[in-house]
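Before any comments, here is the structure.
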Amino acid sequence: MKNNQRIVWLDAIKGCGIILVMISHVTPLENWGTYLFSSFMPLFFICSGFVAKDESIPVVLNKKLKSLLIPYWFYGIIATIFFSIVKTGNSYQGGSVHEWWWLVYSRYCFYCYGHEYNLYFMPIESTSPLWFLTALFLGSILSVILLRKKVVSFWGTLFFYIIFTLALSELPILLPWSLDVAFLIAIFMLIGHLLRYFAFTEFIKRNNILIILLVVAYIILTRINGYSNLSVREYGKYGIYSITLFFINGVLFFFLMAWVFISMNGKLVSIFALVGKHSLRLMCIHIPILFCINKFSVKILKYEEKGITIICLIVISLIISILLDRLFNRFRNKFPYLKYL
């Protein structure tokens, strides 16, 4: 396969992941949400590691500055202006001042979630998913540093990444740009990078019974560990001891999604892959779209149904993303940076 060709089943995994992200922002799905929403973020990190090239740190830094931080600031500024205009009051602590401050800090809140005197920067009716871009940026740089090490120093660096993850999980505050979880993100990316060189697709195709066992293991471990949310450094119900369970579940969930989309054929995979190709932009734009859908359904239609909201959010977000893609492609010869949006 040529390097510039997309991997359909990998795009489909990202498509499934971003759909789960959007659903989670509409409804927690009660008990089902724990199994569906606790491990969807590692999907993106492992997928990113799977397609990562063996490049130098300066090259990767330059690429990630453009591909992640340009859309971060572009969509972040636009969304913050949008919410500053449409919100007539301070519907959360700090009001529009904190909406602008989050662009610098890039975290949902300052203290760990649930703190009595917390400072909330990124409420759900704002631009909260954009924390992912800065987290992936740091994780990508750290993963390259790890992969560029020789055998002995590689294991030493990996050991320190694990130690840093454990130590930073005990901090009372959430660090800017998700630095406290970036070392774990780098390890997820390492897993993806290694899987690429172990005939992964053939392994998935030939081990259906093993995959069934992995499904059982995932369900059991998720039930034991409980709900997790990487954006606010919630690894599970056992604090620092849940990090291992969270990591295993993240890898297991990737294996399960890979099995689904590698085994599946037809248009359904293509549809998920189409969504996956737009996953980064969908991560950036779906919250303002959800805000508009909710306002329209409640104030205009006087009707609110979560299922319909989810369908509308996914379809409208995808249509807008495709239109933006065509618009940016049309003018990117004159404005090259449009290709990163």
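All of the numbers you see were taken from the coordinates with simple rules; none came from a lab. For clarity, every value in this text was computed on a predicted model and none was experimentally measured. In this analysis, Cβ positions are derived from the backbone assuming ideal geometry, glycine residues included, and neighbour counts consider all displayed protein chains.
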Residues E202, E116 in order from fewest to most other beta-carbon atoms within 10 Å are E116, E202
Sorted from largest down, what three extents in whole angstroms do the Cα atoms of the range 118-260 have along their principal axes?
50, 38, 28
Would you mind classifying the range 8-340 by shape? Square roots of the alpha carbon gyration tensor eigenvalues, ordered a ≥ b ≥ c; an a/c under 1.5 is rounded, otherwise it is prolate if a/b is larger than b/c and oblate if not.
rounded
Convert each backbone phi in the range 28-33 into a coupling constant with the Karplus relation 6.51 cos²θ - 1.76 cosθ + 1.60 (shift: θ = phi - 60°), then list the ³J(HN,Hα) values in order as whole Hz, x for Gly and Pro.
x, 6, 6, 5, 5, x
Compute the Cα gyration tensor for the range 1-91, then decide on rounded, prolate or oblate, letting a ≥ b ≥ c be the square roots of its eigenvalues: rounded whenever a/c is under 1.5, prolate when a/b is larger than b/c in the other cases, and oblate in all that remain.
oblate
Given Y218, A12, V104, which one lies farthest toward the positive end of the charge dipole of the chain, if we put +1 on the Cβ of every Lys and Arg and -1 on the Cβ of every Asp and Glu?
A12
Expected sort for 142-149, 319-326 on mean C-beta neighbours within 10 Å, highest first, is 142-149, 319-326
Y111 long-range amide H proximity, modeled H, under 5 Å
L119, L174
Leading residue at positive end of dipole, the chain (Cβ point charges), from V315, P336, L68
P336
Relative contact order of the chain, pairs being alpha-carbon contacts under 8 Å that are 6 or more residues apart, as %
30 percent
Need the C-alpha centroid separation for the range 7-77 versus the range 155-185, integer Å.
19 Å
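Taking the Cβ of each residue in R107, R233, R196, R223 as the centre, tally the other Cβ atoms inside 10 Å and list the residues starting with the fewest. Provide the component values of the computation, followed by the final result.
Working: R107 26, R233 22, R196 15, R223 11.
Going from sparsest to densest Cβ surroundings: R223, R196, R233, R107.
For a footprinting-style exposure proxy, rank K334, K339, K306 by other Cβ within 10 Å, fewest first. List each step's numbers first, then the result.
Details: K334 7, K339 14, K306 11.
The fewest-first ordering by Cβ neighbours comes to K334, K306, K339.
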How high is the relative contact order of the range 114-242, in percent, counting Cα pairs under 8 Å that sit 6 or more residues apart?
25 percent
Kindly write out, for the range 70-81 in residue order, the coupling ³J(HN,Hα) from the Karplus curve 6.51 cos²θ - 1.76 cosθ + 1.60 (θ = phi - 60°), rounded to whole Hz, with x marking Gly and Pro.
5, x, 4, 6, 4, 6, x, 5, 4, 5, 5, 4
Only four residue types carry charge here, +1 at the Cβ of Lys and Arg and -1 at the Cβ of Asp and Glu. Report the dipole size of the chain about the Cα centre in Debye, rounded to the nearest 20.
1220 debye
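Only four residue types carry charge here, +1 at the Cβ of Lys and Arg and -1 at the Cβ of Asp and Glu. Report the dipole size of the range 116-268 about the Cα centre in Debye, rounded to the nearest 20. Could you put the intermediate results ahead of the total?
On the way: 10 positive and 6 negative charges, 138 e Å.
So the dipole magnitude of the range 116-268 works out to roughly 660 debye.
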Amide proton proximity set for E234, modelled H, under 5 Å, gap of 5+
N229
